[in-house]
Amino acid sequence: MGPDQTSPGVETRAAPDQGARERMFLVVVDSSAEMRNALRFACRRAQHTGGRVALLYIIEPADFQHWVAVQEKMREERRGEAEQVLQSHASEVQLISGSVPVLYVREGQPRDAIMQVIKEEPRIAILVLGAGTQKKGPGPLVTSLAGKMSGKFPIPITVVPGSLTDEEIDALT
């Protein structure tokens with residue numbers, strides 16, 4: 001399987017009758033605390049607008065490239081971890097939004113992986129990112145996509161402050 005393909009059984013598609021009118025909110029899944037706010041915001045927006053949430057887990061390339069067999073084993077382990085993380089978040093998405101999310105696993109640089117998924121799936125209408133509250137800034141994705149690339153980005157980007165509570169997010173959505 002190539003580095004930019006989805007694992008079998010990971011990606012799910014909407015039923016044909018839902019078609020292109022179903023708006024999807026894309027959330028990049030990672031281990032950051034602010035991702036939880038982005039996820040909740042996307043779920044609540046999808047719930048209130050008849051949309052759907054799409055979750056993207058990006059496996060960044062490993063620096064270790066000495067032995068092909070070891071590198072391939074590490075890649076398989078990271079993919080397995082990605083699928084587990086996505087499944088755990090998929091349950092939360094279904095609980096909050098009322099619908100099963102679309103799941104994507106991609107390998108590569110985050111910006112490239114996000115752009116690839118958006119290009120492949122025309123129903124993705126909004127990228128939802130969480131902004132960190134640390135002194136070092138809002139986070140690399142927010143800095144790169146909402147800052148440097150914002151004028152060239154193909155869809156709107158919603159940046160959800162990491163300091164919002166669940167109740168504040170629910171009130172906004």
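State whether the residues of segment 54-72 include one that is surrounded by 18 or more Cβ atoms within 10 Å (Cβ to Cβ) and assigned to a helix (DSSP H, G or I).
No, the conditions are met nowhere in segment 54-72.
With 154, 122 as the choices, which residue is in a loop (DSSP other than H, G, I, E, B) and in contact (Cβ under 8 Å) with a residue 40 or more places away in the chain?
Every option except 122 fails the conditions.
Is it true that residue 90 is more than 27 Å from residue 167 (Cβ to Cβ) and part of a helix (DSSP H, G or I)?
Against the criterion (more than 27 Å from residue 167 (Cβ to Cβ) and part of a helix (DSSP H, G or I)), residue 90 does not qualify.
Within segment 92-144, which residues are of a type in the set (S, T, N, Q) and more than 20 Å from residue 156 (Cβ to Cβ)?
94, 99, 109, 133, 134
Just give me the residues in segment 97-116 being of a type in the set (A, V, I, L, M), crowded, with 22+ Cβ neighbours inside 10 Å and either in a helix (DSSP H, G or I) or touching a His at 6+ places or on another chain (Cβ under 6 Å) (or both), in sequence order.
113, 114
Looking for something more than 17 Å from residue 104 (Cβ to Cβ), modelled with pLDDT of 80 or more, of a type outside the set (D, E, K, R) and out of contact with any strand residue (DSSP E or B) (no Cβ under 6 Å at 6 or more places or on another chain) - is there at least one such residue anywhere in segment 38-48?
So far as segment 38-48 goes, yes, one or more of its residues are more than 17 Å from residue 104 (Cβ to Cβ), modelled with pLDDT of 80 or more, of a type outside the set (D, E, K, R) and out of contact with any strand residue (DSSP E or B) (no Cβ under 6 Å at 6 or more places or on another chain).
Let me spell it out: the conditions are (1) touching a Pro at 6+ places or on another chain (Cβ under 9 Å); (2) within 20 Å of residue 33 (Cα to Cα), and residue 91 meets all of them except one. Which number is the exception?
Only one criterion is unmet by residue 91, namely (1).
Yes/no per residue for (1) aliphatic (A, V, I, L, M); (2) within 30 Å of residue 76 (Cα to Cα); (3) modelled with pLDDT of 90 or more:
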{"residue": "118", "(1), (2), (3)": "yes, yes, yes"}
{"residue": "124", "(1), (2), (3)": "yes, yes, yes"}
{"residue": "127", "(1), (2), (3)": "yes, yes, yes"}
{"residue": "139", "(1), (2), (3)": "no, yes, no"}
{"residue": "149", "(1), (2), (3)": "yes, no, no"}
{"residue": "159", "(1), (2), (3)": "yes, no, yes"}
{"residue": "163", "(1), (2), (3)": "no, no, yes"}
{"residue": "169", "(1), (2), (3)": "yes, no, yes"}
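Those residues that are among the small types (Gly, Ala, Ser) and under 16 Å from residue 43 (Cβ atoms), I need them from segment 68-124; list them, please.
If the condition is that a residue be among the small types (Gly, Ala, Ser) and under 16 Å from residue 43 (Cβ atoms), then 88, 90, 91, 97, 98, 99 are the ones that fit.
The values are calculated or read from the model by the stated rules, or taken from the named source; none is laboratory data. If you're wondering where the values come from, they're calculated on a predicted model, not measured in any experiment. Here Cβ is always computed from backbone atoms with ideal geometry, including for glycine, and neighbour counts include all displayed protein chains.
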